[in-house]
Amino acid sequence: MLGEGILKGLAETAKNFAGSYVSKERLTTVQYPEERIPTAENARVFPFLVFDGKDWESGLRCVACQICEKECPPKCIYIEKSKDKKPDYVGKPQFYPARFDIDVSVCMSCQICVEVCPFEAIKMNTEFELATDDRFGGLLLDRHKLAQSNEYYHKIHPTEAAEVDARLAEEKAKTEAKAKAAAAAAAAKASAAAAAPKPAESATEKLAEPPAKAAESESKQGGGGQ
Amino acid sequence: MLERLDQVFVLFKDWLVAFLPASWQGVVGVIICVVAIIAVYPTLFALAVLMERKGLGRMQNRYGPNRVGPFGILQPVADGIKSLTKEDIVPLRADAVVHFLAPVVLVVAVFMGFAVLPMGRNMVLVDLDTSLLFFFAMMASTELSVFMAGWSSRNKYSLLGAMRAVAQMISYEVPLLLSSIVIVMMTGSLSLVRVVEAQNHFTGILPNWYVFTPWGFAGFIVFVIASTAETNRSPFDLPEGESEIIAGYFTEYSGFKFALFFLGEYVEMFAVAGLGTTLFLGGWAGPISFLSWVPSWIWFFAKVELWICFFIWIRGTLPRLRQDQLMNFAWKFVLPFTLFNLVVAAVWRFMGEGWLRWLVCWALVVGVYALAGRSGMRREKIGTRIYRYAD
Amino acid sequence: MNPLAGYLLVAALLFAIGLAGALTRRNAILVLIGIELMLNAANLNLIAFWRYGPHPEFLTGMMFAIFSIGVAAAEAAVGLGLIIQIHRLAQTTDLDKINRMKG
Amino acid sequence: MSFAFWVVAALTVAGGLAAVLLKNLVHCALALTIAFAGLALLFLQLDAQFAGFAQILVYIGAVAILIVFAVLLTRSSETPAQGGIFSHTWLAGLVVAAGLFAVLAWAVIESAGGLPHESSAPAVTVMQIGNALMGRYVLPLEILALLLTAALIGAAIVAMHEKEGTK
């Protein structure tokens, strides 16, 4: 008869109504600011810059190669290369970003910058509570705001960070072996010379060198952290 | 003492009025009543909105608003402050005068209906001889305000919503009126006070409400359906179907005028609920004879709130109808059923006392319901759909 | 002033307004509006005469008014239906342009 | 004559005037509802409650809505009327209306002395109206019912869109 379905439906909603007071499983709502669901490991929001060591400015892995700036589809990255080369924390002179700005109101979280970066210097953050009352200045993150330590990277993406560290360590080992071989050759060539560590510098003038070194030191710390 | 409590509002009004010279007493008394009505129903409206949001939330296994105040009970206050402080935007091409008048007309017409609604023993603003007609006249005027709102906004969504609303309200006004006619036939009066008095006696401990008679029950069902449609509530909320036409006829309203529409809609809900209570559920009469000491106004407002809860329940249950389903339902099922209900009422009236008329009338009502439901709501068989351009 | 005369004057004025509207406007719907006004003016007359007449208890004037209201509703429905049909045929509701016998 | 009467009468006449003079047809229809409401108030002043509320129910609730529906369906409010809103024979119409009003007003004022004066409100209840409708006026009522049914069906058929091929 007409109306049977309505009665059935009414019974169903009544069951839900009463049930939501009795059983807590029915209420799946998470009361957000107080309760939080831990973010998934592969969650990504906006990029950040990884630095090694304690000091964010000298430890930045970024060498201002500007690949990410060129690849960024919405063009939200702005990099100014430094005029001088500053010794990074291993003491090797490198360019560094004098300015590194990301406009997160433009960024679309595509992760292309991360994929193209040869130095593992830029990674995706999981921080999403970026609400601000200044929509221009507040959403334009400069390099200081973007810089996060490698420990932080390990904290938010443990698996990925471990992979990155392993890769860097491997590269580092390779280059070191190469450097050692070159050094040995150089030492054989110029046996008369007293100071041996000098030629190693010229032989290992490759781009991958400083981060490899940095990663080695980090992987020791990170390995303990895992 | 209990009688005093029953009449507490009336006595209070008399006490207030007694301070004034005799020539003023009548006018001031009416003004006090009007102010009371205008104060009480918006408060109930705030309560109903909260109840609706919490109740709907629970039906969908959510919490509902729970941030403002303990358990979110101050949510209506926050909503009110928000809508009062929002900017009042009038579209550039809108007809400013009509756009302004529409919510005013709605709220005025809706509040007028309460003038004749008996909310307790001796608690009626004016006991008109034709109060039922007056009530329907006022409800009919709300259609015009809906049209004014939709037309003056110069917005396609608004106009569509208004046209849907007007068509729907006209279609369902007929069954609404006809379902009340049985009550008029039985009471022999259009006065709502008489209607309540006719129901305010008991057989044994059970009340003699009209809803317990076959024709009254049928009328009640139709009244519930038609009043849901009249107030544009779900499942008849096509005029303001958010997913289709944004907010229907009040798409272009913001701030205080939007709040007025919202208020008008809910107060109209209270008005039809109050009318339905008065007509079918005994108005302010108590449900059981030994409970008749409870003040009459408590019963009235309890029944109205119950009715509102039912509206909310329905809203949480049923999906929105389609336009053709809405019209088919009105003209093919509700209207024939209501018309036949008049015949049942006449049969009841002329069969005389006895169990036989109960049997005959119930059989008639149930039989016609089944028949009308079967033939009027027959669905067309839809074969396999072929999408010519899809492949 | 005599109360009945006041009502009758108002009714006469409304009737004249309605007639003027029906005779001077070009739009068919407005002609119908004018006719409605005239009918209403007549209703006012009927009610006024009932109220001040010698035998209000016979309800004659009142009944006339009620029936007239009912008939007016039917008239409006059919009249507007016709106007819509004419609009469909002629694509206009301008009475000056609807001047052919052939549809 | 009371103050209230003149106010309501002025409202009614103003509504009526606006209804025939305004350019936009929807405005005309809305002005017409003001006139209807004013007339309903006049009915109430004449102690004809039933007729007054029936007036609101039927005219504001149904006829006005029908008119605005027709206005929208025929798009009369959108197209600006070429050559004014009045027909070319407007002068004749105005003269006829004015003449009619002059005659009616003259007749009313001439006979004002002989018209009956204030009388007490007739004690007529709805019950009596109902009884009269069902007793003395039952035949007209039935005819009216028939007329309304016929009008309902007729209007629906007239306005129904004839589909291609179905006749």
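Proximity of backbone amide H atoms, modeled 1.01 Å from N, is registered between A:Tyr96 and A:Ser82, A:Lys86 at under 5 Å, excluding neighbours fewer than 5 places apart on the same chain. Label separation (B:Leu339 vs B:Thr203): 3.1 nm, computed from points 7 Å beyond Cα along the C-beta direction.
Take every pair of alpha-carbon atoms less than 8 Å apart whose residues are at least six positions apart; their mean separation over the length of chain C yields a relative contact order of 26 percent. Computed from the C-beta positions of B:Met1 and B:Phe310 and an R0 of 30 Å, the FRET efficiency is 0.35 to the nearest 0.05.
Peptide D:92-98 has a mean shielding of 5, counted as Cβ atoms of other protein chains within 10 Å of each residue's Cβ. Here's the list of aspartates and glutamates a cross-link from D:Lys23 could span, going by alpha-carbon distance under 13 Å and ignoring same-chain residues fewer than 8 apart: D:Glu78. If you take every residue apart from D:Ala62 with its C-beta less than 11 Å away from the C-beta of D:Ala62, what net charge results, scoring Lys and Arg +1 and Asp and Glu -1? Net charge in that neighbourhood comes out at -2. Summing charges over neighbours of B:Gly241, with a neighbour being any other residue whose Cβ is under 9 Å away from its Cβ, gives -2 when K and R count +1 and D and E count -1. Note on segment B:1-102: Cα-Cα pairs beyond 24 Å make up 57% of the total pair count. The share of alpha-carbon pairs in segment D:1-55 lying farther apart than 16 Å comes to 43%.
In summary, the helical segments of chain B meeting the span-like criteria, namely a full DSSP H run, a Cα extent along the axis of 18 angstrom or more and a mean Kyte-Doolittle hydropathy of at least -0.5, are B:22-59, B:96-112, B:131-152, B:156-187, B:214-230, B:255-280, B:296-317, B:335-351, B:355-376. Listed by chain and number, the aspartates and glutamates whose C-alpha is less than 20 Å from the C-alpha of A:Lys81, apart from same-chain residues fewer than 8 away, are A:Asp52, A:Asp55, A:Glu57, A:Glu69, A:Glu71, A:Asp101, A:Asp103, A:Glu120, A:Asp142, A:Glu205, A:Glu209. Within segment A:95-191, the GluC sites (Glu not before Pro) that combine a DSSP coil assignment with at most 16 other C-beta atoms in a 10 angstrom radius are A:Glu127, A:Glu129.
Taking chymotrypsin sites (Phe, Trp or Tyr not before Pro) across segment A:92-196, the ones in a DSSP loop with at most 12 further Cβ atoms lying within 10 angstrom of their Cβ are A:Phe128, A:Phe136. In loop segments of segment B:307-387 as defined by DSSP, the chymotrypsin sites (Phe, Trp or Tyr not before Pro) with at most 12 further C-beta atoms inside 10 Å of their C-beta are B:Tyr387.
Summary of packing: across the peptides B:247-254, C:49-56, A:11-18, the per-residue average of other C-beta atoms within 10 Å ranks them, highest first, as B:247-254, C:49-56, A:11-18.
In terms of its alpha-carbon gyration tensor, segment D:1-151 comes out oblate; a/c meets the 1.5 threshold, while b/c is at least as large as a/b. Per-residue shielding of B:126-133, expressed as the average number of other chain Cβ atoms within 10 Å of the residue Cβ, stands at 4.
Peptide D:11-21 shows a mean partner chain C-beta count of 6 within 10 Å per residue C-beta. Diffusion coefficient of segment B:87-376 by Stokes-Einstein, Kirkwood radius over Cα pairs, 4 °C, 1.567 mPa s: 65 µm²/s. Take each peptide in B:7-15, B:205-213, count the other Cβ atoms within 10 Å of every residue, and average; sorted highest first, the result is B:205-213, B:7-15.
Need one word for chain C: rounded, prolate or oblate. Basis is the Cα gyration tensor (sqrt eigenvalues a ≥ b ≥ c); a/c below 1.5 gives rounded, then a/b vs b/c decides.
It is oblate, given that a/c is not under 1.5 and a/b is not larger than b/c.
Once every Cα of segment B:236-391 carries one equal point scatterer and solvent is ignored, give the base-10 log of I(q)/I(0) from the Debye formula at q = 0.12 Å⁻¹, two decimals. So the normalised log intensities work out to -0.87. As a calculated quantity, the FRET efficiency between B:Asp127 and B:Gln60 at R0 = 45 Å, using C-beta atoms, amounts to about 0.55.
Our summary gives chain B a relative contact order of 21 percent, counting only alpha carbon pairs under 8 angstrom and 6 or more residues apart. In the calculated pair-distance distribution of the protein assembly as shown, the portion above 46 angstrom amounts to 46 percent of the Cα-Cα pairs. Each of A:Ile112 and B:Gln325 was given a label point 7 Å from its Cα along the Cα-to-Cβ line. The distance between the two points is 4.6 nm. So how far apart, in nm, are the two label points at D:Arg136 and B:Ala22 if each is 7 Å from Cα heading toward Cβ? For the pair D:Arg136/B:Ala22, the computed spacing is 3.9 nm. Counting Lys and Arg as +1 and Asp and Glu as -1, what is the net charge of the other residues whose Cβ lies under 11 Å from the Cβ of B:Gly274? Once positives and negatives cancel, what remains is -1. For the residue pairs A:Lys86/A:Lys155; A:Lys54/A:Lys155; B:Lys54/B:Lys257, the alpha carbons lie more than 18 Å apart in A:Lys86/A:Lys155; B:Lys54/B:Lys257.
Among rounded, prolate and oblate, which fits segment A:47-157 when a ≥ b ≥ c are the square roots of the eigenvalues of its C-alpha gyration tensor, a/c under 1.5 means rounded, and a/b larger than b/c means prolate?
Prolate, since a/c reaches 1.5 and a/b exceeds b/c.
A short reminder: the numbers here are calculations on the coordinates, not readings from a lab. This one's a predicted model, so the numbers in the text were calculated from it and none came from an experiment. Cβ: placed from backbone, ideal geometry, glycine included. Neighbour counts: every protein chain shown.
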